[in-house]
Amino acid sequence: LPHHQLYGPKDTVFLVSEHRPASLKEIGYLGIPIAKQKSSRWEPLHPLARLRCLRQQECSRVTLQDTEACLYVEGQSLRLPDLVGNGWQLIEWSGKTLGWAKVSNGVVKNHFPKSCRQQVVASRVDE
């Protein structure tokens, strides 16, 4: 990314704009957290998925249907047997990036932040 630096104290990598205001530098604002080290591996963080520039990049993605997207934002794992590929993938629905999932043999392991999860109630009209 032009005009950005990666900065990583300890176990987290931050994306920092070279043009951030001095006031943010003074209070120690580190930038947007994009990856975290877990044991001996690195995992992408939710803010990385939400970056507009990432949406234009070539990376693995899973596009969900409406019902699957509801289950995803509730925090549930999904079984998509026709899904090809393993590893970290962006989750998309209706042209929008929702977050990350780790895919393994057709199972989409949810990594949507717990603080963002919500119970989705399907509306039903009683006739």
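The values are calculated or read from the model by the stated rules, or taken from the named source; none is laboratory data. None of the values given here were measured: they were computed from a predicted structure. Here Cβ is always computed from backbone atoms with ideal geometry, including for glycine, and neighbour counts include all displayed protein chains. The area values use the complete protein model at the heavy-atom level, side chains included, leaving out ligands, DNA and RNA. Shrake-Rupley method; radii C 1.70, N 1.55, O 1.52, S 1.80 Å.
Annotations for the structure displayed:
- Long-range neighbours under 7 Å by Cβ, at least six apart or interchain, first residue under 19 Å from residue 50 (Cα atoms) within the range 101-115, second in a loop (DSSP other than H, G, I, E, B) and of a type in the set (Ser, Thr, Tyr): 108/77; 109/77; 110/77
- Members of the range 98-122 that are at pLDDT below 90 and within 13 Å of residue 44 (Cβ to Cβ): 111, 112, 113
- Long-range neighbours under 6 Å by Cβ, at least six apart or interchain, first residue under 19 Å from residue 99 (Cβ atoms) within the range 16-39, second open to solvent by less than 70 Å² (accessible area, probe 1.4 Å) and at pLDDT below 65: none
- Yes/no for residue 43 being out of contact with any helix residue (DSSP H, G or I) (no Cβ under 7 Å at 6 or more places or on another chain), part of a helix (DSSP H, G or I), modelled with pLDDT of 85 or more and among the acidic types (Asp, Glu): no
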